[in-house]
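Asker: Mind looking over this structure? Questions follow.
Read-outs: derived from the displayed coordinates by stated rules, not from any lab. Keep in mind that this is a model prediction, so the values were computed, not measured. Cβ placement follows ideal geometry from the backbone for every residue including glycine, while neighbour counts extend to all protein chains displayed.
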Amino acid sequence: MAARIVYTDLDGTMVGPRGSFWHTAGRELTDGPAGALLDLHRAGVSLALVSGRTYEQVVEAARIFAADGAIAELGATIGWGYGRNTHRLRGELPEEFGDRTPMVVMAQLGVVEELIAAHPGRLEWHAPWHATHDTDALLRGRVDPLSVDAWLAERGVGWLTLKDNGAIPAASWMGLDAEPVPPRIYHLMPRGISKGAAIAWDLERRGLSPADAVAIGDSVSDLDMAPAVGRLWITANGASVDGMAGLMDAVPNVTVTDAAMGEGWAQAVRASL
């Protein structure tokens with residue numbers, strides 16, 4: 001059955017190198033993703049962007065791609081009506097912190113600085129993009145999220161979790177140790193907030209069921225979307241990451257695209273129409 005809505009990740013999924021919608025993973029020009037996007041809109045299928053970017057960034061991208069929904073900061077904020085309407089997920093942020101945002105709470109506790117100090121050369125702020133996030137501490141590096149979660153629990157902040165949001169190219173201006181393995185983007189945020197939880201809330205708002213929805217992504221954090229939709233597509237670039245295959249084995253409704261990034265995204269879109 002054709003989907004009624006497609007939820008898609010942006011970076012490394014819908015857009016490729018340096019955020020380009022017009023380049024393949026090999027940096028060759030292509031109009032394949034644009035053609036698939038046009039087919040989707042002509043078919044009357046809704047499009048919602050689901051990203052680790054800030055809400056303002058996702059809303060702006062939604063305008064460009066004519067999406068009618070924006071889910072930002074890995075599910076923390078859900079928006080519709082061209083960004084005029086929003087709903088925020090609180091997750092497991094303790095009630096004792098009241099209306100303070102997770103970033104304000106983490107700053108008061110000093111947990112991010114302590115975490116970075118515990119992983120010298122392996123973890124740092126994803127500057128300058130981290131500065132405008134409200135719900136998650138945006139980091140980059142090479143750490144094991146499960147080990148970090150255990151570290152957080154030992155310090156009494158087990159309501160926080162570290163989520164892997166995919167690889168990025170290494171750059172000389174980063175303060176990380178030089179290694180052949182690309183650094184990754186991480187989001188330190190309250191448990192219970194995820195892309196999947198946000199999609200489930202948004203589907204209920206729309207009066208749709210998981211069977212009406214398809215999701216497309218490329219990272220470990222995108223696997224969270226699987227329970228909320230009928231089918232999850234993972235682009236080939238994400239499926240090739242070490243350890244991803246084992247994680248996907250536990251997801252019964254996942255399909256891997258033949259191509260990476262935008263070309264794979266186009267395949268997933270056309271298969272959903």
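Asker: Could you grab the relative contact order for segment 1-104? Cα pairs under 8 Å, six or more apart, rounded to a whole percent.
Answerer: 18 percent
Asker: Indicate the gyration tensor shape class of segment 137-223 (rounded, prolate or oblate), computed on the Cα atoms with a ≥ b ≥ c the square roots of the eigenvalues: a/c under 1.5 is rounded; otherwise a/b larger than b/c is prolate and the rest oblate. Don't skip to the answer; put the middle values down first.
Answerer: On the way: a/c = 3.20, a/b = 1.57, b/c = 2.04.
It is oblate, given that a/c is not under 1.5 and a/b is not larger than b/c.
Asker: Continuing with this model, one more query. Just the ratio, please: alpha-carbon radius of gyration of the chain over 2.2 N^0.38 Å, N its number of residues.
Answerer: Relative to the rule-of-thumb radius for its length, the chain sits at 0.97.
Asker: In addition: Classify segment 1-130: rounded, prolate or oblate, from the alpha-carbon gyration tensor (a ≥ b ≥ c, eigenvalue square roots; a/c under 1.5 rounded; otherwise prolate if a/b is larger than b/c)?
Answerer: oblate
Asker: To continue, here is another question. Kindly provide the helix-only [θ] at 222 nm of the chain, computed as the sum of -39,500 (n - 2.57) over DSSP H runs of four or more divided by all residues, to the nearest 500 deg cm²/dmol?
Answerer: Dividing the helical sum by the residues of the chain leaves -8000 deg cm²/dmol.
Asker: So, one more: Taking every DSSP beta bridge with both residues inside the chain, roughly what % is antiparallel (nearest 5)?
Answerer: Approximately 55 percent, going by the DSSP bridge assignments.
Asker: Through the Karplus equation 6.51 cos²θ - 1.76 cosθ + 1.60, θ set to phi - 60°, convert the phi angles of segment 191-208 into ³J(HN,Hα) values in whole Hz; use x for Gly and Pro.
Answerer: Couplings: 4, x, 9, 7, 4, x, 4, 5, 5, 4, 5, 5, 4, 4, 4, 7, x, 10 Hz.
Asker: May I ask you to derive the relative contact order of the chain, considering only C-alpha pairs under 8 Å and at least 6 residues apart, and to give it as an integer percent?
Answerer: 23 percent
Asker: Select from Ser219, Ser209, Ser194 the residue whose mean-square fluctuation is largest in a Gaussian network model of the chain (Cα-Cα springs shorter than 10 Å).
Answerer: Ser209
Asker: Can I ask one more? Expected output is a single nm value to one decimal: the length gained when fully extending between Val251 and Ala34, i.e. 0.36 nm times separation in residues minus the C-alpha distance. What is it?
Answerer: On the way: separation 217, 0.36 × 217 = 78.12 nm, distance 2.89 nm.
Gain on stretching Val251 to Ala34: 75.2 nm.
Asker: Here's something else I'd like to know. Determine the sum of side-chain charges near Asp144: Lys and Arg each +1, Asp and Glu each -1, restricted to other residues whose C-beta is under 11 angstrom from that of Asp144. Before the final figure, lay out the partial values.
Answerer: Details: positive: Arg122, Arg142, Arg184; negative: Asp149, Asp164.
Residues near Asp144 contribute +1 overall.
Asker: Per the Kirkwood formula on distinct C-alpha pairs, the Rh of segment 77-159 is how many angstrom?
Answerer: That comes to 14.3 Å for segment 77-159.
Asker: Would you give the gap between the C-alpha center of segment 229-251 and the C-alpha center of segment 91-137, rounded to a whole Å?
Answerer: 28 Å
Asker: I've got another one for you. By how many nm would the segment from Glu114 to Ala171 lengthen if fully extended, with 0.36 nm per residue of separation less the alpha-carbon distance?
Answerer: On the way: separation 57, 0.36 × 57 = 20.52 nm, distance 2.41 nm.
Here the answer is 18.1 nm.
Asker: Percent of alpha carbon pairs in segment 57-199 separated by more than 24 Å?
Answerer: That fraction is 34 percent.
Asker: Tell me the angle of helix 145-154 to the major Cα principal axis of the chain, expressed in degrees between 0 and 90 and rounded to the nearest ten.
Answerer: 40 degrees
Asker: Right, another one. Once you list every other residue whose beta carbon is under 13 Å from the beta carbon of Ile185, what net charge do they have if Lys and Arg are +1 and Asp and Glu are -1?
Answerer: Summing Lys and Arg as +1 and Asp and Glu as -1 gives -3.
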